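The block underneath contains the structure these notes are about, expressed in structure tokens.
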Amino acid sequence: MNTIETERNPIEKPRGGKARLFDRAEIVSAALSILDEEGHEALSLRAIARKLGTGPATIYNYFKSLMDVEDAIVSHLMSSVRAPEPTRNVPLREQLVDMAVSYHKVVLQHPNLESVSGPTAERSRVLLINSTLRTLVDAGVSIEVAALCVSLLRGFAYNQAIALRGSEKGLSVKARRAWVKTMAPGEIDMIVALRQSDMFKGSQQEAFRKGVETTIDRMMPELSKPEPGARKGQKQ
């Protein structure tokens, strides 16, 4: 799991004379608080510094730019979301479910995450998706079905998380627009229709897991029926 560097540097000296100590984790925490409470539009180095009770110049001692801060946010939050791996001694279907559930937990707490777009953040998302697709294709799933299923699972996670927060309360306009741009034509309608079906009845986490499992079983039944003597998800 990724961790945020905690190196401390005495940067500013308040009137009392003692240097104020900060670390990268504190800065990322302040930035994440702004992102959650006010949206991506409010996130800036000046706003982060104000949150910490210091000046913008302080932040530059730890991060090169705002994008650098955003990359650290995504790296920190997405460290709990693990792509399926055929070498793990866990059925591929269960790995896929766990990945979707982990992502759901992240966006439930931080719905504006999708609007964060530093270069490393984008690369980490692409690597996660590509790694998942490659594993599914190696397991015998067509690339078209795998791509659609992964996209739908992300959509389920994001949309249910937003719904649970109360009709998109707290979600910035930029985050909603950024998310819509990632969806293929017709996917949003499919997500809405599936969310309104019996698949998502029940308690929050149970309903989401049930919906994910049902979606995987319907779209990729081969993951639920491995050949005798073979580990699920392992390339034959």
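Worth pointing out:
- Flag set for Val141, criterion: touching a residue at least 40 places away in the same chain (Cβ under 8 Å), under 24 Å from Arg209 (Cα atoms) and in contact with a Cys (Cβ under 9 Å, 6 or more places away or on another chain).
- Complete set of residues in segment 205-236 that are modelled with pLDDT under 85 and touching a helix residue (DSSP H, G or I) at 6+ places or on another chain (Cβ under 6 Å): Ala207, Phe208, Gly211, Ser224, Lys232, Gly233, Lys235
- Within segment 30-116, helices (runs of 4 or more DSSP H) holding 2 or more residues that are of a type in the set (S, T, N, Q): 92-109
The values are calculated or read from the model by the stated rules, or taken from the named source; none is laboratory data. Treat the numbers as computed from the prediction; the structure is a model and nothing was measured. As a convention, Cβ positions derive from the backbone with ideal geometry for all residues, glycine included, and neighbour counts pool all protein chains shown.
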